[in-house]
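First up is the structure itself, then whatever we jot down about it.
The values are calculated or read from the model by the stated rules, or taken from the named source; none is laboratory data. No experiment lies behind these values; they were computed from the predicted model shown. As a convention, Cβ positions derive from the backbone with ideal geometry for all residues, glycine included, and neighbour counts pool all protein chains shown. Please note that ligands, DNA and RNA were not included when accessible areas were found on the heavy atoms of the full protein model with its side chains. Shrake-Rupley method; radii C 1.70, N 1.55, O 1.52, S 1.80 Å.
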Amino acid sequence: MSLLSILRRSVWRLALFFCIGLFVSSIFIGQAETQNQNKQNKKDCIEIPKGGDAIERNRRIAVLVQADSLIQKGDFAEAAKLQQTVKKPFPSGMGALIAPTRDSESLDGGANVYWRDGQDGLKQGLESKSLINLGKLSENYPEFIPGHIKFAEASLRWNQPEKAIATLDRAYGLYPDRLDILEPLLPLLTSKKLFVEASVASRQFGLNYPEHPDSAKYKKLADEYLNQFLNDFRTDALVTGVISIFNGSRERKVLELILKGESDFGKESAEEIKQSASLVTEPKLVDYINTIGQKLAKSAGRDDFNYEFNIVQDKALNAFALPGGKIFINTGTIADVESEAELAGILSHEIAHAVFSHSYLKITTETKTNLLKGISFFKTFLDITKPELSFGRSLEQQADVLGTRILAAAGYSADGLYRVFDRWSGYDKNRSTGWLDTHPASSERVRYLQAIIANRNYNRYSLEKIEALAAARGELLCAVDKTELDPKPPSIKKPEENKLIPGDVPLKALLTKEDVTISINGAKVISSGNYVLNLEITNNSKDDFAFVPAFAKVANAEGKRVSTAFTSKADKLLLVTPNETVKANFAIYQQPWRPNASQDLILEIKEVTKGTRVFRIPF
Ligand SMILES: [Zn+2]
């Protein structure tokens with residue numbers, strides 16, 4: 001007997017769980033009309049979202065069609081100008097990272113004290129002196145790489161390997177191109193038998209930096225760690241015990257499936273889904289999705305998979321990756337995207353989950369953990385597939401980073417994935433479906449996707465391939481919507497030059513530390529050299545939060561303080577009580593306002609309440 005009975009329900013949950021991270025109900029798409037007369041064994045037609053912004057959407061799509069034709073003629077510059085008229089600029093400085101450094105001379109006075117005292121503590125063998133100072137350095141000055149390394153060293157010395165791992169892991173998340181963080185991190189992970197984490201971290205470097213001379217070395221290491229983990233899993237007494245004792249049990253069958261390895265696991269799970277789901281068989285659309293997917297997968301850096309791209313007839317906005325490169329995308333998602341670049345962005349994200357072995361590793365580690373805890377294994381298998389226990393922020397971020405690289409490498413506009421998330425993050429606000437409750441990271445996700453594109457100089461004004469998408473899905477569209485997709489180029493205004501207009505400007509940057517968020521929410525430009533930031537301090541912690549406005553400062557890229565004035569009601573101390581939000585203005589003088597760009601400045605606010613948090617917010 002096949003695993004059908006065991007897996008049918010669980011695989012479906014699994015499918016939801018390995019999805020792009022957004023489980024938006026079909027509420028967004030509305031009720032699809034049933035067209036039973038359909039020849040191609042499909043139950044629903046694909047509906048294009050309706051709504052007040054349909055005109056705006058059509059205008060945008062028409063402009064992108066024109067830009068595509070310019071790119072095909074080789075005129076990238078004009079195409080970029082055209083796209084800039086319909087793509088909103090990234091808020092200045094949003095998500096910008098402070099450039100990493102190993103130079104302690106570049107640190108400010110506070111950081112120097114932490115660095116000196118922390119090292120003295122290490123030399124003198126003083127645990128708290130060393131841990132407290134280096135901990136603060138690592139937390140508040142993440143750009144100083146030796147701070148993390150020394151803090152990890154001190155944590156290990158005083159028997160806190162988890163802290164050492166967490167420190168380097170966080171630093172590697174911020175600066176994934178730094179081998180000087182990855183190298184000390186790997187032996188720490190393997191010493192705690194965290195082979196899965198070591199495998200993912202190594203593969204992250206190998207895949208994200210294919211041009212680096214050590215790329216192949218880290219990909220090979222990733223494979224070795226993965227094998228190490230699976231060997232451990234196979235020889236684990238509990239696993240073999242369950243297999244030998246529970247003859248014929250559901251537990252045994254699931255374990256056996258896991259032990260077959262990643263590709264077989266993916267293949268069998270995918271077969272289950274194909275049998276129970278309604279798959280689209282319309283050859284034109286199937287070919288189209290498969291061609292895009294295979295092209296993207298070629299540059300994903302893992303060729304031991306048999307990649308497959310399937311279309312599920314389902315209006316929900318979803319896509320998911322099973323182990324071994326088995327990707328599924330819903331018709332609802334295909335209907336929602338505005339261009340092939342967006343579609344490719346979603347597929348790239350799913351391919352990235354697959355190449356990092358996220359789903360397979362998650363299943364095996366959770367299974368083992370729960371076996372060790374003695375929790376009924378099959379129940380656990382179902383439990384781990386609940387959406388709220390999804391990949392979590394760091395694995396989603398890994399998939400977004402690699403996904404965006406794959407997308408850009410294939411020649412599409414690098415903001416394809418970003419635009420999908422940006423649009424979807426608006427859906428929840430306007431239609432309040434409650435998805436934000438289970439996916440609170442979405443606005444943050446939009447921010448770091450912007451940062452990935454900006455920091456790596458990916459081209460966000462490249463091919464969109466609007467017409468290819470329209471042709472492929474055209475026949476499947478609900479009749480009523482077909483006309484809405486016909487691109488009718490409107491008259492296009494010449495893009496305006498970036499000229500300064502006094503008044504309110506969008507500017508967004510924020511930082512949260514232990515439930516206190518300081519954000520810059522817009523600014524008012526007074527003249528070319530003077531502007532006022534709108535600050536908002538939200539305290540969601542249980543304690544008061546306060547700082548001295550006179551000590552708040554803004555420094556430029558060289559670390560020089562610029563002229564400022566704080567204007568709030570509280571001159572001496574600005575107090576934000578628990579669950580309170582306080583607004584204030586902070587004027588910046590003699591700094592040129594740069595429209596549509598980062599101001600290249602850093603706002604620094606130091607806490608004076610119980611804690612000693614330092615908020616350094618680039619904008
Ligand atoms: Zn995802």
Return the total of residues in the range 336-354 being buried (at least 24 other Cβ atoms within 10 Å of the Cβ) and either without any contact (Cβ under 8 Å) to a residue 12 or more places away in the chain or of a type outside the set (Asp, Glu) (or both).
13
Answer with yes or no whether residue 295 is at pLDDT 90 or above, more than 15 Å from the ligand (Cβ to nearest atom) and either assigned to a helix (DSSP H, G or I) or farther than 30 Å from residue 467 by Cβ (or both).
yes
Being open to solvent by 30 Å² or more (accessible area, probe 1.4 Å) and of a type in the set (Gly, Ala, Ser) is true for just one of 598, 541. Which residue is that?
598
Considering only the range 74-150, give the helices (runs of 4 or more DSSP H) lying wholly within it that have at least 1 residues that are open to solvent by 40 Å² or more (accessible area, probe 1.4 Å) and within 30 Å of residue 506 (Cβ to Cβ).
76-84, 127-140
Report yes if some residue within the range 94-108 is at pLDDT 90 or above and either in the same structural domain as residue 557 (by TED's automatic domain parsing) or out of contact with any His (no Cβ under 6 Å at 6 or more places or on another chain) (or both); otherwise report no.
no
Open to solvent by 20 Å² or more (accessible area, probe 1.4 Å) and either among the aromatic types (Phe, Trp, Tyr) or in a loop (DSSP other than H, G, I, E, B) (or both): is that true of residue 287 in this structure?
no
Return the total of residues in the range 316-342 being within 13 Å of the ligand (Cβ to nearest atom) and more than 24 Å from residue 262 (Cβ to Cβ).
2
Which residue, of 203, 157, is under 24 Å from the mean Cα position of the chain (by Cα) and of a type outside the set (Phe, Trp, Tyr)?
203
Please specify each residue of the range 297-350 satisfying the condition of being of a type in the set (A, V, I, L, M, F, W, C) and under 26 Å from residue 86 (Cβ atoms).
317, 319, 329, 334, 335, 337, 341, 343, 344, 346, 347
Regarding residue 173, is this residue under 20 Å from residue 615 (Cα atoms) and either open to solvent by less than 60 Å² (accessible area, probe 1.4 Å) or not in a helix (DSSP H, G or I) (or both)?
yes
Does residue 545 qualify as being outside the structural domain of residue 141 (by TED's automatic domain parsing), in contact (Cβ under 8 Å) with a residue 24 or more places away in the chain, among the aromatic types (Phe, Trp, Tyr) and touching a strand residue (DSSP E or B) at 6+ places or on another chain (Cβ under 7 Å)?
yes
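For every residue, the table says whether it meets (1) at pLDDT 85 or above; (2) part of a helix (DSSP H, G or I); (3) open to solvent by less than 40 Å² (accessible area, probe 1.4 Å); (4) within 25 Å of residue 351 (Cβ to Cβ).
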| site | (1), (2), (3), (4) |
| --- | --- |
| 216 | yes, yes, no, yes |
| 230 | no, yes, yes, yes |
| 244 | no, yes, no, no |
| 266 | no, yes, yes, yes |
Which of the residues spanning the range 298-308 are in contact with a helix residue (DSSP H, G or I) (Cβ under 8 Å, 6 or more places away or on another chain) and in a loop (DSSP other than H, G, I, E, B)?
299, 300, 301, 302, 304, 305, 306, 307
If I filter the range 369-423 down to residues being charged (D, E, K, R) and modelled with pLDDT of 70 or more, which single residue comes out as nearest to the ligand (Cβ to nearest atom)?
396
I want to confirm something. Restricting to the range 184-203 and keeping residues that are open to solvent by 20 Å² or more (accessible area, probe 1.4 Å) and among the polar types (S, T, N, Q), which single residue is farthest from residue 453 (Cα to Cα)?
191
Quick one: count up the residues across the range 575-595 that are closer than 22 Å to residue 89 by Cα and open to solvent by 30 Å² or more (accessible area, probe 1.4 Å).
4
Among the residues of the range 566-619, the number that are part of a loop (DSSP other than H, G, I, E, B) and in contact (Cβ under 8 Å) with a residue 40 or more places away in the chain is 20
